[in-house]
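Step one of this worksheet: look at the structure below.
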Amino acid sequence: MAAHAEEPDPVVPPMPERTPGALREAIAEHAPKLLPDFDDHWKWAIADAYNLGPVPAFMARWWCEYAIARNPELDAHVIDLQHRAAEATDIAEAKALIDEVAKIRYGTRKLEPGE
């Protein structure tokens, strides 16, 4: 029997510059499933704004979304945790699963461009 070569771990793309344009470009290239929601949210929350106040909150949310979606293993893990929490019949178990998702999301805030 021939030995199978191990498949290399997927390369996780680096985080982009912290600008809406760079983040949108990274989403389009590496996590296109997020792009329609990103664009819709941008149009709703920012595009017609005369005040740039909402931009930091917008960027924080989508920074996190992209940081998770760019890594297929992490994305699958977060989705699994969310599904398990939704199906849990024990409130303590559901809370623990939701807390784990929150820790992952909170941790993505610290990522810097290039990481």
3J(HN,Hα) from dihedral phi, region 13-21, Karplus parametrisation 6.51/-1.76/1.60, rounded to Hz, x for glycine, proline
x, x, 5, x, 4, 8, 10, x, x
Could you work out how far the C-alpha centroid of region 9-30 sits from that of region 62-115, in angstrom?
18
Packing-based exposure ordering (other Cβ within 10 Å, fewest first) of ILE79, ILE68
ILE79, ILE68
Let me confirm the definition first: pairs of Lys residues in the chain, 8 or more apart or on different chains, C-alpha distance under 25 Å. How many are there?
5
Could you derive backbone 3J(HN,Hα) for region 34-47 from the dihedral phi with the Karplus parameters 6.51, -1.76 and 1.60 (θ = phi - 60°), listing whole Hz in sequence and x where the residue is Gly or Pro?
7, 4, x, 5, 4, 5, 4, 5, 4, 4, 6, 9, 10, 3
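Every read-out reported here was derived from the displayed coordinates using simple, explicitly stated rules and does not represent laboratory data. Not measured: the values here are computed from a predicted model. Please note: Cβ atoms are built from the backbone with ideal geometry, for glycine as well, and neighbour counts cover all protein chains shown.
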